[in-house]
Amino acid sequence: MLTTAERPRRSLAASVLLATALAAGITATDVTTAAATALPGAARAGSTADTAVRASWPTVKSGQRGVDVATVQLLLTARGYTLTADGVFGSGTAAKVKAFQRAKHLTADGIVGPNTWTKLVMTVKSGSKGAAVKAVQRQLTDNGYAVTADGVFGSGTAAKVKAFQRAKHLTANGVVDVQTWAALVRGGGGTGGGGGKLSDAQAAARLRAAGITRSSSGNCTNRNNKNCTSLQDIRVRTVDGVIALKRKSGCRIVITGGTEVGHAGGTYSHWNGYKVDVARTSCVTNYIHGHSRKHHKRGDGAWVWRVTSGGRTVIDYADENWANHWDITYY
């Protein structure tokens, strides 16, 4: 807690910092960050939502793919560093990130972390147009709030933003500010270790965008009904793995089992988001046989084909041929 003597000094320092920053043309977001940094450690630790927001940004860098990469590319374009938003973080994107970082007096390492994100995002709202709006629309769709990515912030986009904000317990004003941006990229296209969980809508949106479908005997998605095929609480790593299977194999992929009840338990289980069942077609089977190693037979008679990397198991494909699907585990 600040002492009585410290309070006036803190207020004066913050006022001077704010006036100086505004005179220099620094954005409101930058002012908030700078003010928080200038405060004493005890006050800074719990000052505003800024600290939590800054800690929540994903790290996006060379070699990565996906909607967060496309978001970086679109935001760079909106900032004057024109790029094709192909969702692939290659050398061209790295060069533009470094140029942007140098212009903002950041470490020019080409890695989009919290400091770069907070400089890169911009507030968009009803009436806004352009690449930044398109980035919001792509993130909304990836989070399960499908909207056409036309770069025009109309009533439809505003409605989806408000719905997303309500779901994330943010002020549902339809304005995409720094807090809403952070929630969008954290929920939509996180590029961390893959342990994060997705809602059914989020996972379904990602899979649909990749051309992957699902089916269930009950034609439903209720996680607590064994006749449904649910994606609720599936791991990011699992969804990314299925998308990679589709991309690399070129096969038609249909998910027939997800995180619903009725599967075997355990740590690496369907319920915990590690497994999916994929329809057993000749295309899928041929790909698995050609890109993994036959390893062992499970107790139920299913042969397991394994993929390892650096001595670690990364994927197990169990051939449940009697059920006409592959039971796939992504570790």
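The values are calculated or read from the model by the stated rules, or taken from the named source; none is laboratory data. This structure is a prediction, so every number in the text was calculated from the model and none was measured. Because the Cβ atoms are built from the backbone with ideal geometry, glycine has one as well, and the counts that use them run over all protein chains shown. Surface accessibility is based on the protein's heavy atoms, side chains included, excluding ligands, DNA and RNA. Shrake-Rupley method; radii C 1.70, N 1.55, O 1.52, S 1.80 Å.
In table form, for the structure just shown:
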| item | result |
| --- | --- |
| Inter-part distance where region 109-133 and region 201-227 are each reduced to a Cα centre, Å | 31 Å |
| Calculated diffusion of region 109-167, Stokes-Einstein form, Kirkwood radius summed over Cα pairs, 10 °C and 1.306 mPa s, µm²/s | 132 µm²/s |
| Neighbourhood net charge (10 Å Cβ-Cβ; Lys/Arg +1, Asp/Glu -1) for ALA94 | +2 |
| Per residue Cα convex hull volume in Å³ - calculated over region 211-331 | 105 Å³ |
| Cα-based shape type of region 134-289, given that a ≥ b ≥ c are square roots of the gyration tensor eigenvalues and the cut on a/c is 1.5 | prolate |
| Accessible area (Å², per residue) of region 71-138, counting only protein heavy atoms and a probe of 1.4 Å | 43 Å² |
| Of LYS162/LYS275; LYS96/LYS129; LYS168/LYS248; LYS61/LYS104; LYS197/LYS275; LYS119/LYS168, those spanning more than 24 Å from alpha-carbon to alpha-carbon | LYS162/LYS275; LYS168/LYS248 |
